[in-house]
Amino acid sequence: MNNSIQINNFVDFYKNTISKYGQLSAFQIDAQMVTYDKLNIDVMKLIASFKDGERKYIQICTENSYYFAIAYFAVILSNNIAVLCDDDKKISDNNIKIDIKLTDEIIDKKLQVQYLKKVLYKEDLKNDCVCTIIFSSGTTGKSKAILLSAENILETVIACANKVTYFSTDRCINVIPLIHIFGLIGDFLTTFHVGACMCVMSSKYEFYDAIKKYKPTFLNLPPILIESLFYELDKFKEKKICIRRIMCGGADISEKIIDKYKKYNIKVLRCYGLTESPCISLCSDYEKENKGVGKVLDCNKILLDELGQIFVSGKSVMLGYFNQKESPFVNINNQLFLKTNDVGTLDENNNLILLGRADNSISLKNGEKCTKECIEEKINNISGIKESIIYVKSGKIIANVVVYDSNNDIEKKIKEMTFGGSKIYSVNYVKNIKRNVLGKVIRNEQ
């Protein structure tokens, strides 16, 4: 791993941060500051309450970021397997037998222990064995249970930390649920690794108030929140805006929004990853210019086939799916690659440009193929359109659009557009486009 301190497993990763940043604040909960040393005490208490024995599947089911951190480290460091899910149906669908379910109530009860027996780390934790089960978003089908090793997670965290500027004085607000890979890697583990402070919201509805209260220096957000935050920034005129960087993940964001943030000297950087491969590439604030979703991380390697489909291999790529016999990997030149089902291209500076999903490709009249996302991007550039989604019905392209003001001119402009000889057959005005918690479009063909 590209790190000055030798990190062989999760114990090294954890001990390195606790020893370096023990007196610094790991969490802020309203006015309460929680140091890394205090976090360590609570982690040790929870480990001490576990019974020794065979490895167990332990479900972490809490919305409290601090309790999540305690539970996650306790589960991993005690050589158990963390199952990150708040939907028991996903667990039952994948036939995972849970031994313990850690909820707010259970975690809090176990932390009330008045004594603490000596806790020994499992120093021989294996880096290549599954330590975490996390679930895919399910936006393109049934949610899958994904097996991640400590190596998958730690290589990603360290590679990300080496590409983006962090300081131990940094502060972020935890917005994305930590059971999602973007929240787990971006908000939690990378923040922990660099000794920064994660600020905890009492409710997901207090985001804008939390900005004023906690004064974060960086944020990790889905595009929908980045867009809405911009229109709130003017209300912060009397209060200093400390944010210097926002990392955008989960879905794409327009260049127009990125340019608007420059007015406040805030860099909006895109990143790209899958739950199956937590971060494949990202834009760096060390770079003068960032294009697309940035450069591929050092721990990864990608290949593009003749259609532009992206295949990824490397230490961040998952071990596989739970209880699924079919392999998601393909063998290319005697090396296993994960098929991402995304389509992209590399520019002259090796920046990865995403074009859309492979299964969202449609055939145009001139015989060429084009992703739905490319057509939607062009539609979204029409003045007055907020967002759009297209689908094909009986061979005809239909567009659902969300507009600021409905008028006949917008529909006329859309129908005048040509895509490889094909045109939009009809336009429907809708109030919103369905997305998941990270802002990714949920495509249910009409």
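The values are calculated or read from the model by the stated rules, or taken from the named source; none is laboratory data. Computed from a predicted model, the values in this text were never measured in an experiment. All Cβ positions, even for glycine, are placed from backbone atoms using ideal geometry, and neighbour counts span all protein chains on display. Only protein heavy atoms, including side chains, enter the accessible area calculation; ligands, DNA and RNA are left aside. Shrake-Rupley method; radii C 1.70, N 1.55, O 1.52, S 1.80 Å.
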- Message: Anything in the range 259-277 that is under 29 Å from Ile134 (Cβ atoms) and either touching a Gly at 6+ places or on another chain (Cβ under 6 Å) or open to solvent by 20 Å² or more (accessible area, probe 1.4 Å) (or both)? List them, or say none.
- Response: Lys267, Arg270, Cys271, Gly273, Leu274, Thr275, Glu276
- Of Lys110, Lys144, Lys126, Lys122, which residue is under 18 Å from the mean Cα position of the chain (by Cα), among the charged types (D, E, K, R) and at pLDDT below 95? Lys144
- Item | The listed residue being of a type in the set (A, V, I, L, M) and open to solvent by less than 30 Å² (accessible area, probe 1.4 Å), out of Leu364, Leu354 | Leu364
- Pick from Ser78, Ser92, Ser49: which is in contact with a Leu (Cβ under 9 Å, 6 or more places away or on another chain), among the hydroxyl-bearing types (Ser, Thr, Tyr) and surrounded by fewer than 21 Cβ atoms within 10 Å (Cβ to Cβ)? Ser49
- Message: Quick test of your reading of the structure: Ile258 fulfils all but one of (1) under 18 Å from the mean Cα position of the chain (by Cα); (2) β-branched (Val, Ile, Thr); (3) closer than 21 Å to Arg435 by Cβ. Name the failing condition by number.
- Response: (1)
- Criterion: among the basic types (Lys, Arg) and over 27 Å from Lys20 (Cα atoms) - qualifying residue of Lys215, Lys240: Lys240
- So which residues in the range 200-220 are open to solvent by 60 Å² or more (accessible area, probe 1.4 Å) and more than 18 Å from the chain's Cα centre (by Cα), if there are any at all? Ser202, Tyr205, Tyr208, Asp209, Lys212, Lys213, Lys215
- Task: Provide a single number: the residues in the range 40-63 that are assigned to a loop (DSSP other than H, G, I, E, B) and in contact (Cβ under 8 Å) with a residue 12 or more places away in the chain.
- Result: 5
- Message: For the list (1) open to solvent by less than 10 Å² (accessible area, probe 1.4 Å); (2) basic (Lys, Arg); (3) at positive phi, I need the number of the one condition that Arg245 fails.
- Response: (3)
- Message: Among the residues of the range 344-382, what is the count of those that are assigned to a loop (DSSP other than H, G, I, E, B), in contact (Cβ under 8 Å) with a residue 24 or more places away in the chain and more than 24 Å from Lys396 (Cβ to Cβ)?
- Response: 4
- Report, by residue number, each residue of the range 343-361 that is more than 17 Å from Ile442 (Cβ to Cβ) and modelled with pLDDT under 85. Ala358, Ser361
- So which residues in the range 299-320 are touching a strand residue (DSSP E or B) at 6+ places or on another chain (Cβ under 9 Å), open to solvent by 70 Å² or more (accessible area, probe 1.4 Å) and in a loop (DSSP other than H, G, I, E, B)? Leu307, Lys315, Leu319
- Among the listed residues Val113, Val130, Val175, which satisfies the condition of being free of Cβ contacts under 8 Å to residues at least 60 places away in the same chain, open to solvent by 20 Å² or more (accessible area, probe 1.4 Å) and aliphatic (A, V, I, L, M)? Val175
- Given the structure, is Thr165 in a loop (DSSP other than H, G, I, E, B), surrounded by fewer than 16 Cβ atoms within 10 Å (Cβ to Cβ), in contact with a strand residue (DSSP E or B) (Cβ under 9 Å, 6 or more places away or on another chain) and modelled with pLDDT of 95 or more? yes
- Query: Has the range 414-434 got any residue that is closer than 30 Å to His180 by Cα and surrounded by 15 or more Cβ atoms within 10 Å (Cβ to Cβ)?
  - Reply: yes
- Run down Asp12, Asp37 and say which single residue is more than 14 Å from Ile100 (Cα to Cα), without any contact (Cβ under 8 Å) to a residue 60 or more places away in the chain and crowded, with 17+ Cβ neighbours inside 10 Å. Asp12
